[in-house]
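Engineer: Mind having a look at this structure? Questions to follow.
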Amino acid sequence: MTAPSSAGTPSSSTAPSVPALSVSGLVVRYGRAGKTPPAVDGVSFDVAPGETLGLVGESGSGKSTIGKAILGLQPPAAGQVLLHGTDITRASLRQRRAVAIDLRVVFQDPYSSLNPAQTIGQTLQEPLRVLRVPKEERTRRISGALTAVGLPADAAARYPAQFSGGQRQRIAIARALVCEPQVIVLDEPVSALDLSTQAQVLNLLADLRDNRQLALLFIAHDLSVVRFLAQRVVVLYRGQVMEAGPVEEVTQRPGHPYSIALTAAAPVPQPAEQARRRAAREALGVGTAGAAPPPAAGCPFAARCPLATDICRAERPPLVPGNGTSAAVACHHAGEAAGIRLPGVAA
Amino acid sequence: MTASSGTGPSLTTAAGPAGPPAAEGRRRSRLPRAVRSAGGALSAAWLVLLLLGSLTAPLWEPYPVDDQEPLHTLAGPSGSHWLGTDQLGRDVLTRIAAGSWISVGPVLLAVAVAFGIGIPLALTAAEHGRWVERGSSRFAELLLALPSVIILLAFVGAFGVHPWAIMTVLGVLLSAPVYRIFVGQAQSVRTLLYVDAARVNGVSSLRVNLRHVLPAMATTIAVQAAQLFAIGILIEAGLAFLGFGPSVPSPSWGGLIADASQSVYTDPWLMVPTGLVLALTVIAANVLADTVGGERERERKRAAAARRAKRRAARPVVAGGTAARPASMTAGPVAGTVAAADPDALLDVRDLTVAVADGPALVTRVSFGMRPGAVLGLVGESGCGKTITARALPGLLPEGVQVAGGSVWFAGRDLAGLPEHQLRAIRGREIAMISQEPMVALDPVFSIGYQLTQPIRRFRGVGRAEARRIAAELLGQVGITDPRRVLRSYPHQLSGGMAQRVCIALALTGSPRLLIADEPTTALDVTVQAEILSLLRSLVKTTGLSVLIVSHDLGVVADLCDDVAVMYAGQVVEAGTVAGVLGQPSHPYTAALLGANPHVAEGLPVPDRLPSIPGTVPAPADWPSGCRFAGRCALATAACADPVPATRAHGAGPGGTGIVRCIHPLSPRQEPHQAHGLPVPRPVEPGVTS
């Protein structure tokens, strides 16, 4: 077993190579320090080349903010972002253009992520123009990207309004692929889609994951989607990492009380199973989300946690490998948490 | 759940969707919006004609500009002088034409200067955030505080009358309101994701502004330019009227009006052409602004919808509660035998058809029913018509959409034919509604206490103190632990989950019998969603409330509902108990939906690929007369092109009262994955084999 990486899990790649994307000690604040708690508070994780990492959390967890900080849309207050070992944390736009040519993004909302006044072809060639790719090469790459996402090549002449939500999301993925990147940040790419469209786009992402050596940072709120697509997952709550590890471990045998609550809360479309889950979830006794403000120090989940004690409210628990599990958990009572885990209730 | 198969025979004779298919929506006008309407076209034509006529005046003017005819002063229109002559005998038509460019030209310069300063300043401020934006906004506010006409007069006093220079100064002063309007718009456009995408792509900031931010503001720019132009014309004419226009021999509109006003009591005709040309130009500019901004189209649509509503309300209401409708629309139960099939049903929807006025149907012949105290889920993807169906029940359809057939029996009355004032009495008191966005549903200006006590006082007729007590009680009933604090709060101080609880409390103020919940948890986190669903379940148990929940999430339906109706392309394709439909789906679409869900039951491996349905949902105008899912269904045969009746579903779970609209329904023993030909061996409900 190789030494644990900062996510607390042994690296899944066979050779200790430079991680495609590495985030350490990231702190991002909206507004002045001291007034409100930071949106992202000391988050660290690595994405190995060719690996898909899921970043899961609810609203306020900071997952989208982490994505923005990595992309340079939100300057971090502290911490480091390394792309293939190069520090891009505070790179200016010009520096970023040179270094981050293979860091691309797919956003959540298919309706506002494409400029309605430009054709698909113009949207897709914009990043290529910035990279000074010659014209003939541009056409080849655009048609290659459109084919890779399952759209006809003549789509390049049409406007976004002529496509459905699922097709627009494919175009957004094509825009990320057209530069042949190595790392793609996907910010909730399927959350705004219908179930059947979501399945189509997830299959497409799975194809890309398997056929190209892409490192994907997949930000989502749905654990079952992350379980389908990712190999490892990081669970966030209020800007801090609660649990991190292989996706099967975290989703099937969650080690942190919040992960347990999260997996228990998602409803499943089988009535009998859902009734069992509901009874088990209600027996858990996790507090309501808005009931009490989070404590200023200590574990952010302490106000709602059924296992919380004084140390939880005073001291922030470190992220350490759990007992008998290959996932890392940030909990003072990690051992008991495994005890309240609900049988038959998983993502 | 009442079975709609009681009306089986009539369904087999049903034609396709009610209403003629519409050809509109596909062929949109290619003309720019400004000239699509008569007003816009005329205004544009007038302005163009004016400018062209003025610039080419030397070529066609009947008389030289300064040519005086002392013997024909202040004459009315005649063959030789079409618009008469002024007090020195000069031809009015010539002077107006020559003066047009002199008056209008500098105003165009003023507008150009205003936008030339205001827009780059706005774009820069929007891009560079706090300190730059503060600086430029204070500068703009300073300019706005200055009295513009007085500054112009001071300028004239200092430098003399130079129309182009004066208008440049006006342009600088007008750049402040331009900046104010566009800085807000630019900031909001910059929050759109495609601007973020361009920035991530490394596009330079100049290009981001030119290619992405500016085009999004194009309509506002056109509208504001037209309005500023109108204002500028009036200011310029005003200055010329006061004597600060171009020097005496040169004609200008303001000068002409000044001349005309001197003889208005003795020879009033002169005022007519001079005043008219100014008024028409200002009106044309404003009409153009309205047309480009789309205000005309909206007003026309609103007027047409109001006329339709009036016609609808004026239709005679037949005794028994069924409004008279064209025979072609009702192929269902004959009017006259209007008793509900199930006297115990709280809600009985029969063959409900909702259509766009003069357009395609959005929902066709939907039928379902609810007992008191039951929870029914309307499930489907976007575009299936579930929200329209839910909103049709209390008569809350959007403008232009109306009920075109069928009946909605609620507690013995047909809501579909009721006039608005009777529906208003039912809404809130017997049927309440909560929707997807709780923050939007609550008025941000009033406190929660105010918003709760108002309906309580209206419905229950109690005083303010008593209403407040009831409000606190209701908040307790919806699981809010500190009602007093919440009553004092404003909506923006609440989280999404709390706001939805407040909306549920609002819905309960009238003690309704039926609660319609339109995707109530879609915008909430999953842990908050679980709490809201538990709350709804406990309310059903304690108060006997019936809930109709519209959702796209089958898990929500499985958690909360007793019965479910699955909708696809405006029809109910399967309905029954939740255990029956979700445990043993009969319709291929239901099975496909369940298969596309990424959740896997305990102990089963995660599939390599999710079974997905090829193709997309057809639009209402493209619905075939047969099965609407046939184009995407692996089991479709030639027989599916004929209209498909709703039949009793065999093995539809414990209750056996399910229906399915399919001629190849899945048998209970058939694995769903075999139904749509995909190689994924996943039983839908583990442990259920028969």
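The values are calculated or read from the model by the stated rules, or taken from the named source; none is laboratory data. All values derive from a computational prediction rather than experimental measurement. Methodologically, a virtual Cβ is constructed for each residue, glycine included, from the backbone with ideal geometry; neighbour enumeration extends over all protein chains shown.
Engineer: Residue by residue through region A:156-180, note down the ones that are at pLDDT 90 or above and under 23 Å from residue A:56 (Cβ atoms).
Structural biologist: Result: A:169, A:172, A:173, A:176.
Engineer: Out of curiosity, is residue A:180 under 18 Å from the mean Cα position of the chain (by Cα), surrounded by fewer than 22 Cβ atoms within 10 Å (Cβ to Cβ) and in contact (Cβ under 8 Å) with a residue 40 or more places away in the chain?
Structural biologist: Numbers: under 18 Å from the mean Cα position of the chain (by Cα): no; surrounded by fewer than 22 Cβ atoms within 10 Å (Cβ to Cβ): yes; in contact (Cβ under 8 Å) with a residue 40 or more places away in the chain: yes.
No.
Engineer: Of all residues being within 17 Å of residue A:127 (Cα to Cα), surrounded by 12 or more Cβ atoms within 10 Å (Cβ to Cβ) and not β-branched (Val, Ile, Thr) in region A:85-100, which is farthest from the other protein chains (Cβ to nearest Cβ)? Just the residue, please.
Structural biologist: A:95
Engineer: Something else about it: Listed residues B:177, B:215; which is more than 19 Å from residue A:94 (Cα to Cα), part of a helix (DSSP H, G or I), of a type outside the set (Lys, Arg) and facing chain A (nearest Cβ under 7 Å)? Don't jump to the end; show me each part of the working.
Structural biologist: Details: B:177 fails: facing chain A (nearest Cβ under 7 Å).
Step by step, each of B:177, B:215 is checked, and only B:215 is more than 19 Å from residue A:94 (Cα to Cα), part of a helix (DSSP H, G or I), of a type outside the set (Lys, Arg) and facing chain A (nearest Cβ under 7 Å).
Engineer: Where the second residue is of a type in the set (Asp, Glu) and the first is on the phi < 0 side of the Ramachandran plot and lies in region A:224-243, which pairs have Cβ atoms under 6 Å and are six or more apart or on separate chains?
Structural biologist: A:231/A:51; A:235/A:243; A:240/A:41
Engineer: Which one is nearest to residue B:592 (Cα to Cα), of the residues in region A:206-224 that are among the hydrophobic types (A, V, I, L, M, F, W, C), out of contact with any Phe, Trp or Tyr (no Cβ under 8 Å at 6 or more places or on another chain) and within 11 Å of chain B (Cβ to nearest Cβ)?
Structural biologist: First pass over region A:206-224, keeping only residues among the hydrophobic types (A, V, I, L, M, F, W, C): A:206, A:208, A:214-220, A:223.
Then drop every residue that is not out of contact with any Phe, Trp or Tyr (no Cβ under 8 Å at 6 or more places or on another chain), which leaves A:208, A:214-220, A:223.
Narrowing the set further to residues that are within 11 Å of chain B (Cβ to nearest Cβ) leaves A:220, A:223.
On the way: A:220: 23, A:223: 21 Å.
Among those residues, the one meeting the criterion is A:223.
Engineer: Can you name the residue in region A:105-118 that is facing chain B (nearest Cβ under 7 Å) and crowded, with 22+ Cβ neighbours inside 10 Å and, of all such residues, is farthest from residue A:183 (Cα to Cα)? Write out each step before concluding.
Structural biologist: Residues of region A:105-118 that are facing chain B (nearest Cβ under 7 Å), as a first pass: A:105, A:107, A:109, A:112-115, A:117.
Restricting the remaining residues to those that are crowded, with 22+ Cβ neighbours inside 10 Å gives A:105, A:107, A:113-115.
Numbers: A:105: 9, A:107: 14, A:113: 19, A:114: 21, A:115: 23 Å.
Looking at the filtered set, the residue picked out is A:115.
Engineer: State yes or no: is residue A:138 within 30 Å of residue A:85 (Cβ to Cβ), within 14 Å of chain B (Cβ to nearest Cβ) and surrounded by fewer than 22 Cβ atoms within 10 Å (Cβ to Cβ)?
Structural biologist: Working: within 30 Å of residue A:85 (Cβ to Cβ): yes; within 14 Å of chain B (Cβ to nearest Cβ): yes; surrounded by fewer than 22 Cβ atoms within 10 Å (Cβ to Cβ): yes.
Yes: the conditions hold for residue A:138.
Engineer: Do the conditions hold for residue B:131, that is, is it hydrophobic (A, V, I, L, M, F, W, C), within 27 Å of residue B:285 (Cα to Cα) and either part of a helix (DSSP H, G or I) or touching a residue at least 60 places away in the same chain (Cβ under 8 Å) (or both)? Spell out the reasoning first.
Structural biologist: Working: hydrophobic (A, V, I, L, M, F, W, C): yes; within 27 Å of residue B:285 (Cα to Cα): no; either part of a helix (DSSP H, G or I) or touching a residue at least 60 places away in the same chain (Cβ under 8 Å) (or both): yes.
It is false that residue B:131 is hydrophobic (A, V, I, L, M, F, W, C), within 27 Å of residue B:285 (Cα to Cα) and either part of a helix (DSSP H, G or I) or touching a residue at least 60 places away in the same chain (Cβ under 8 Å) (or both).
Engineer: For region A:238-256, state whether one or more residues are under 15 Å from residue A:318 (Cα atoms) and of a type in the set (Ser, Thr, Tyr).
Structural biologist: Looking through region A:238-256, none of the residues is under 15 Å from residue A:318 (Cα atoms) and of a type in the set (Ser, Thr, Tyr).
Engineer: I would also like to ask the following. Just checking, does region A:256-266 include any residue being out of contact with any helix residue (DSSP H, G or I) (no Cβ under 8 Å at 6 or more places or on another chain), in contact (Cβ under 8 Å) with a residue 24 or more places away in the chain and either within 13 Å of chain B (Cβ to nearest Cβ) or more than 30 Å from residue B:380 (Cβ to Cβ) (or both)?
Structural biologist: Let us first name the residues in region A:256-266 that are out of contact with any helix residue (DSSP H, G or I) (no Cβ under 8 Å at 6 or more places or on another chain), namely A:258.
Now restrict to residues that are in contact (Cβ under 8 Å) with a residue 24 or more places away in the chain: A:258.
With the extra rule that they be either within 13 Å of chain B (Cβ to nearest Cβ) or more than 30 Å from residue B:380 (Cβ to Cβ) (or both), the set shrinks to A:258.
Yes: region A:256-266 contains one or more residues that are out of contact with any helix residue (DSSP H, G or I) (no Cβ under 8 Å at 6 or more places or on another chain), in contact (Cβ under 8 Å) with a residue 24 or more places away in the chain and either within 13 Å of chain B (Cβ to nearest Cβ) or more than 30 Å from residue B:380 (Cβ to Cβ) (or both).
Engineer: In contact with a Ser or Thr (Cβ under 8 Å, 6 or more places away or on another chain), assigned to a strand (DSSP E or B) and under 30 Å from residue B:622 (Cβ atoms) - does that describe any residue in region B:408-421?
Structural biologist: no
Engineer: Of the conditions (1) more than 9 Å from chain B (Cβ to nearest Cβ); (2) in a helix (DSSP H, G or I), residue A:273 clears all except one; give me its number.
Structural biologist: (1)
Engineer: Within region B:521-532, track down each residue that is in contact with a Leu (Cβ under 8 Å, 6 or more places away or on another chain) and surrounded by 24 or more Cβ atoms within 10 Å (Cβ to Cβ).
Structural biologist: Going through region B:521-532, the residues in contact with a Leu (Cβ under 8 Å, 6 or more places away or on another chain) turn out to be B:521, B:526-527, B:532.
Once the filter is applied, which keeps residues that are in contact with a Leu (Cβ under 8 Å, 6 or more places away or on another chain) and surrounded by 24 or more Cβ atoms within 10 Å (Cβ to Cβ), region B:521-532 yields B:521, B:532.
Engineer: Among (1) closer than 30 Å to residue B:485 by Cα; (2) more than 9 Å from chain B (Cβ to nearest Cβ); (3) part of a loop (DSSP other than H, G, I, E, B), which single condition is residue A:286 missing?
Structural biologist: (2)
Engineer: Within region B:489-536, which residues are in a helix (DSSP H, G or I), facing chain A (nearest Cβ under 9 Å) and of a type outside the set (D, E, K, R)?
Structural biologist: Matches in region B:489-536: B:496, B:497, B:498, B:526, B:527, B:528, B:529, B:530, B:533, B:534.
Engineer: Another question about this same structure. With respect to residue A:130, determine if the residue is under 19 Å from residue B:193 (Cβ atoms), at the interface with chain B (Cβ under 8 Å from one of its Cβ atoms) and crowded, with 20+ Cβ neighbours inside 10 Å. Show your work before the answer.
Structural biologist: On the way: under 19 Å from residue B:193 (Cβ atoms): yes; at the interface with chain B (Cβ under 8 Å from one of its Cβ atoms): yes; crowded, with 20+ Cβ neighbours inside 10 Å: no.
Criteria not met by residue A:130.
Engineer: Please work out which one of (1) modelled with pLDDT under 75; (2) in contact with a Ser or Thr (Cβ under 6 Å, 6 or more places away or on another chain); (3) under 29 Å from residue B:218 (Cβ atoms) is the condition residue B:335 fails and give its number.
Structural biologist: Only one criterion is unmet by residue B:335, namely (3).
Engineer: Look through B:417, B:406, B:380, B:395 and report the one residue that is farther than 22 Å from residue B:563 by Cα and either in contact with a helix residue (DSSP H, G or I) (Cβ under 7 Å, 6 or more places away or on another chain) or surrounded by fewer than 19 Cβ atoms within 10 Å (Cβ to Cβ) (or both).
Structural biologist: Details: B:417 fails: either in contact with a helix residue (DSSP H, G or I) (Cβ under 7 Å, 6 or more places away or on another chain) or surrounded by fewer than 19 Cβ atoms within 10 Å (Cβ to Cβ) (or both); B:406 fails: farther than 22 Å from residue B:563 by Cα; B:380 fails: farther than 22 Å from residue B:563 by Cα.
Step by step, each of B:417, B:406, B:380, B:395 is checked, and only B:395 is farther than 22 Å from residue B:563 by Cα and either in contact with a helix residue (DSSP H, G or I) (Cβ under 7 Å, 6 or more places away or on another chain) or surrounded by fewer than 19 Cβ atoms within 10 Å (Cβ to Cβ) (or both).
Engineer: Moving to a separate point now. Taking into account only those residues within region B:599-618 that are modelled with pLDDT under 85 and surrounded by fewer than 16 Cβ atoms within 10 Å (Cβ to Cβ), which is nearest to the other protein chains (Cβ to nearest Cβ)?
Structural biologist: B:602
Engineer: Evaluate the following for residue A:142: is it in a helix (DSSP H, G or I), of a type in the set (Val, Ile, Thr) and within 25 Å of residue A:101 (Cβ to Cβ)?
Structural biologist: yes
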